[in-house]
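To start, the structure itself, in structure tokens.
The values are calculated or read from the model by the stated rules, or taken from the named source; none is laboratory data. Since we're looking at a predicted model, the values are computed, not measured. Here Cβ is always computed from backbone atoms with ideal geometry, including for glycine, and neighbour counts include all displayed protein chains. Calculation scope for accessible area: heavy atoms of the full protein, side chains included, ligands and nucleic acids excluded. Shrake-Rupley method; radii C 1.70, N 1.55, O 1.52, S 1.80 Å.
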Amino acid sequence: MGLVGNQENGNGEVGLSGIHLGSKNKYRRMDSELTDDGGFDEASLQKQQQEERRRTTRKYVFACAVFASLNSVLLGYDVGVMSGAILFIHEDLKITEVQEEVLVGCLSVVSLFGSLAGGKTADAIGRKWTMGLAAIIFQTGAAIMTLAPSFEILMVGRLLAGVGIGFGVTIAPVYIAEISPTISRGSLTAFPEIFINIGILLGYVSNYAFSGLPSHTSWRIMLAVGILPSVFIGFALCIIPESPRWLVMQNRVEEAKTVLWKTNETDAEVEERLAEILSAAGTTNGEKYEDKAVWRELLSPSPALRRMLVTGIGIQCFQQVTGIDATVYYSPTILKEAGLVGNSKLLGATVAVGISKTVFILVAIVLIDKVGRKPLLYVSTIGMTVCLFTLGITLSWLKGGPFGIDLAVLSVCGNVAFFSVGIGPICWVLTSEIFPLRLRAQAAALGAVGNRVCSGLVAMSFLSVAHAITMGRTFFVFSAVSAVSVAFVYACVPETKGKSLEQMDLLFQSEQVWEGSRAEQEFGDVEQLVQK
């Protein structure tokens, strides 16, 4: 504890304590006791300094998580705004339904290239600057889309935006997981999902706000608004530090220690985390991380790594094959099928969908580090199954009437709400925390690739499948897939709450630990040691 006081004296923070000490009774803390010579008890002073450091650390990590999540606003805004902009693009550029599907869905497919490149880029230039590169690529694509005179040019911008999104969605959760304390890692790593939802809501609001303009102008303004977050992202990159775990992989141990001191509450915790990272990175003896070994290990995984890959890639794929992008991208089309008419009413209803998605992600943030990942996943997947099945019934037999319309709106809002409570944010949390340090960025990139491929397949095929088997039956299929995801969570997803990133290997060492409650028993002693 003495070291904490020395460091705080060094950066001037103890000046406040100096005022405190010299102000005598007026500012004296209730838990401080005077010594015989009239000074304050040293233990009370150290306690006060430690509490001040704790508050400062939490604020700093929170700010880093917020700034790192700004890229996610771009993805969310694109998803939300395209659901309404496509109505006006269809009218202005006279595109076909197939072109509409390709325009909407290609972003997810192309983003897989950004995800694949993002993992390697993050290991080469760092997590922080990879997020900056993602923003530049996305904004270039958005500008091209805004000015596009034809469908072909619009597609060029869309493809660039997709690559930028692929970079961003892969790296932001990894970065946040690597700078966050264990106790709050789940809620902080879910921040990108919050900002995706905020972006979706802003996209819906933009649709509604500009829907009264001429079709040639409205969709261009809708897309142009998405360029604005780049200013904040540039500001963020000047503030946030590099990931300490990446710095260790580059043998920049002293820099890593500086970042850890800013993001951990005690010096003992800093030293403990640094030792764990050095051990996990294999750099204790000055060894250098090698990229070639990463892909060799991913292609020929050990049994434990294979289980990690099944869990990480599987949860990413289930997040999308349950149809969330179909619900979000095509919510106006779905509600129109249910009997709701008029662009203003349709876009107004999608605002309600966006609000539901955004509000319930906050519930997940509050609960994820309290009740754990797995309980929220159960609530989420079971709730989505029920809502998707209800929507299928509504679109098959109840559409057209007031009750059917209300039930359809309620089912869509319920589906996105249950998604946001669990599988939406938690899939990114899991893939950013379960993999070993030397593999984390590129293994997480593989999970993001699975997510983007499934997203693209759903978005690009939804209208065609709905025409082939009816929209109601399409949602019955989504409901069945969602039911399978419940079984996947039960069999393949361990509880990671309260475990440090360097402890994750132990969760996947054996089949029994992977599948059942023995994990909690075997981790009891480990947690006690870590707390000490």
Exercise for the section: Give me the compactness ratio for segment 351-504, meaning the Cα radius of gyration over 2.2 N^0.38 Å. Expected result: 1.15
Handout entry: Solvent-accessible area of Thr333 with every protein chain in place, 1.4 Å probe, in Å² to the nearest 10
Key = 50 Å²
Handout entry: 3J(HN,Hα) from dihedral phi, segment 483-496, Karplus parametrisation 6.51/-1.76/1.60, rounded to Hz, x for glycine, proline
Key = 5, 5, 5, 4, 5, 4, 4, 4, 8, 10, 10, x, 7, 10
Exercise for the section: Kindly write out, for segment 380-393 in residue order, the coupling ³J(HN,Hα) from the Karplus curve 6.51 cos²θ - 1.76 cosθ + 1.60 (θ = phi - 60°), rounded to whole Hz, with x marking Gly and Pro. Expected result: 5, 5, 5, x, 5, 4, 5, 5, 5, 5, 5, 5, x, 4
Handout entry: Contour excess over end-to-end distance, with Cα ends at Leu213 and Val341 and 0.36 nm allotted per residue
Key = 44.2 nm
Practice task
Using only Cα atoms, tell me the angle between helix 42-68 and the longest principal axis of the chain; keep it within 0 to 90° and round to the nearest 10.
Solution key: 20 degrees
Practice task
Report in % the part of the accessible area of the chain that belongs to carbon and sulfur, leaving out ligands and nucleic acids; probe 1.4 Å.
Solution key: 65 percent
Exercise for the section: Work the Kirkwood hydrodynamic radius out for segment 423-495: mean of 1/r over every pair of different alpha-carbon atoms, inverted, in Å. Expected result: 14.3 Å
Completion exercise
If unit charges are put on Cβ atoms (+1 for Lys and Arg, -1 for Asp and Glu) and the dipole of the chain is taken about its Cα centre, the option from Val156, Ile86, Val61 lying farthest towards the positive end turns out to be Ile86
Exercise for the section: Mind jotting down the three principal axis lengths of segment 73-144 based on Cα atoms? Whole angstrom, largest first. Expected result: 44, 19, 18
Problem - Probe 1.4 Å, protein heavy atoms only - accessible area per residue of segment 341-446 in square angstrom - result: 33 Å²
Exercise for the section: Could you work out the longest stretch of the chain that avoids the GluC sites (Glu not before Pro) located in DSSP loops with at most 12 other Cβ atoms within 10 Å? Expected result: 34-286
Exercise for the section: Enter the angle in degrees (range 0 to 90, nearest 10) between the Cα long axis of helix 303-321 and the first principal axis of the Cα atoms of the chain, meaning the one along which they spread out most. Expected result: 40 degrees
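Could you report segment 186-289's accessible area per residue, 1.4 Å probe, as an integer in Å²?
41 Å²
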Handout entry: Long-range tail of P(r) for segment 258-389 (Cα pairs > 18 Å, %)
Key = 74 percent
Handout entry: Angstrom value of the Kirkwood radius, inverse mean 1/r, which spans all Cα pairs in segment 55-112
Key = 13.8 Å
Exercise for the section: Measure nothing fancy, just the Cα-based angle from helix 267-281's long axis to the longest principal axis of the chain, in degrees from 0 to 90, nearest 10. Expected result: 60 degrees
Practice task
Could you tell me which of Gly400, Leu237, Gly323 has its Cα farthest along the dipole of the chain towards the positive end, charges placed at Cβ (Lys, Arg +1; Asp, Glu -1), taken about the Cα centre?
Solution key: Gly400
Practice task
Rounded to whole Hz and in sequence order, give me ³J(HN,Hα) for segment 133-143 from the Karplus expression 6.51 cos²θ - 1.76 cosθ + 1.60, θ = phi - 60°, writing x for Gly and Pro.
Solution key: 4, 4, 5, 5, 5, 4, 5, 4, x, 5, 5
Practice task
Enumerate by residue number the trypsin sites (Lys or Arg not before Pro) in segment 334-428 meeting two conditions: DSSP loop (anything except H, G, I, E, B), and at most 15 other Cβ atoms within 10 Å of the site's Cβ.
Solution key: Lys370
Problem - Relative contact order (percent, whole number), segment 376-423, Cα cutoff 8 Å, 6+ residue spacing - result: 64 percent
Problem - Computed magnitude of the charge dipole of the chain (debye, nearest 20; Cβ of K, R +1, Cβ of D, E -1) - result: 1000 debye
Practice task
For Ser184 paired with Leu299, estimate the spin-label separation in nm (one decimal), with each label point 7 Å from Cα along the Cα-to-Cβ line.
Solution key: 4.2 nm
